[in-house]
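The values are calculated or read from the model by the stated rules, or taken from the named source; none is laboratory data. Predicted model, so just to flag it, every value in this text is computed and none were measured. Neighbour counts run over all protein chains shown; Cβ positions are idealised from the backbone, glycine included.
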Amino acid sequence: MSSIERVIDLEIFNQCQDKIDRDSEIRENLDSLTKAIDQHTRSILSILSTAHSVPSSSFQTFETRTSTSFEYQRDAIQKLAKIAASHPFFKYNSIWNRTLQNAAFAVLFKNWLVNEGSAYIESSTSLDPLMNESNTNEGRIGKLTSFAAVCEALGIKPDFASENEFHLTLEQYLQAIISLINELSRLAINSVIMAENGNYSTPVRVNYFIKQLQAGFLMLNLKNDALRPRVDSIKYDAKKAEEVIYDLALRGLISKK
């Protein structure tokens, strides 16, 4: 028994426990900072969710209604980035992965709604709901906020020097776009209910926008990871939007052309 005690140094396990305790402390600290971001993101999304129950003409108001919450969100993200910079990025990325994904989705959804609000008001005086006759309105079919613009809105540098630096990953951005598609497929239905003066331009633009994004995702050669099944689900959201347009055209509420 004494020979075994001389061979095994139990101090090794004490050192292991110290590292485990230190790792748990780091994770708890990062988790508390992440929860603060989640709180502000939920506040933003609770405001944006009212888009399903108001006319498209009021979408522009989401810019000012969410501005304060976005400022708080950016501050919280910067605090997380400052602490996370002292630790290996991909070791702890899973802690804030979904949080940054939802934060990016909030930026994408808000920007789309504000742009759509402006397009809807302009379409009220136009014969063409897509307003393709003028180059100045060319982008009105749908506006996708770029990766760099999303990073800027979140207070994160889009051009990071190394993979270990705190950043928004490409997968998180693509996941956020798919969440946007999910939300817009619902909006296509609800915007018909809230349409004013027979103006059904919002579901028309949603339909075109989703089709454009679907075509974009088809260009990607994705592996069998977490992103692949969500990309495959886009076709169901596209079908929902198409059914709305088909029903409107069938009833003569929009031009079949």
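As for segment 92-102, it holds no residue that is surrounded by fewer than 13 Cβ atoms within 10 Å (Cβ to Cβ), out of contact with any Cys (no Cβ under 7 Å at 6 or more places or on another chain), at pLDDT 95 or above and not hydrophobic (A, V, I, L, M, F, W, C). Taking segment 173-219 as the range and being outside any helix (DSSP H, G or I) and in contact (Cβ under 8 Å) with a residue 12 or more places away in the chain as the test, the residues that pass are MET194, ALA195, GLU196, ASN197, GLY198, ASN199, TYR200.
For segment 77-87, check the following and say yes or no: at least one residue is part of a helix (DSSP H, G or I) and within 17 Å of the chain's Cα centre (by Cα). Checking segment 77-87: at least one residue is part of a helix (DSSP H, G or I) and within 17 Å of the chain's Cα centre (by Cα). Selection over segment 232-244 of residues that are buried (at least 18 other Cβ atoms within 10 Å of the Cβ) and free of Cβ contacts under 8 Å to residues at least 12 places away in the same chain gives a count of 0. The set of residues in segment 74-89 that are out of contact with any Asp or Glu (no Cβ under 8 Å at 6 or more places or on another chain) and either more than 11 Å from LEU33 (Cα to Cα) or among the aliphatic types (A, V, I, L, M) (or both) comprises ARG74, ALA76, ILE77, LEU80, ALA81, ILE83, ALA84, SER86, HIS87, PRO88.
Taking segment 198-217 only, how many residues are of a type in the set (A, V, I, L, M, F, W, C) and over 17 Å from ARG186 (Cβ atoms)? I'd like the intermediate steps shown before the answer.
So the first thing to find is which residues in segment 198-217 are of a type in the set (A, V, I, L, M, F, W, C), and the list is 204, 206, 209-210, 213, 215, 217.
When the remaining residues are screened for being over 17 Å from ARG186 (Cβ atoms), the result is 215, 217.
Going through segment 198-217 one residue at a time, the tally reaches 2.
Scanning segment 185-231 for residues that are surrounded by fewer than 18 Cβ atoms within 10 Å (Cβ to Cβ), under 30 Å from ILE121 (Cβ atoms) and among the basic types (Lys, Arg) yields a total of 2. Does at least one position in segment 27-47 carry a residue that is buried (at least 21 other Cβ atoms within 10 Å of the Cβ) and farther than 21 Å from ALA176 by Cα? No, because not a single residue in segment 27-47 is buried (at least 21 other Cβ atoms within 10 Å of the Cβ) and farther than 21 Å from ALA176 by Cα.
Let me confirm something: among GLU122, GLU133, which residue is at pLDDT below 95, among the acidic types (Asp, Glu) and within 22 Å of MET194 (Cβ to Cβ)?
On the way: GLU133 fails: within 22 Å of MET194 (Cβ to Cβ).
Among GLU122, GLU133, only GLU122 is at pLDDT below 95, among the acidic types (Asp, Glu) and within 22 Å of MET194 (Cβ to Cβ).
Determine which member of the set ASN97, ASN14 is within 21 Å of the chain's Cα centre (by Cα) and either over 30 Å from ASN197 (Cα atoms) or among the basic types (Lys, Arg) (or both). Spell out how you get there, then give the answer.
Values: ASN14 fails: within 21 Å of the chain's Cα centre (by Cα).
Of ASN97, ASN14, the one residue that is within 21 Å of the chain's Cα centre (by Cα) and either over 30 Å from ASN197 (Cα atoms) or among the basic types (Lys, Arg) (or both) is ASN97.
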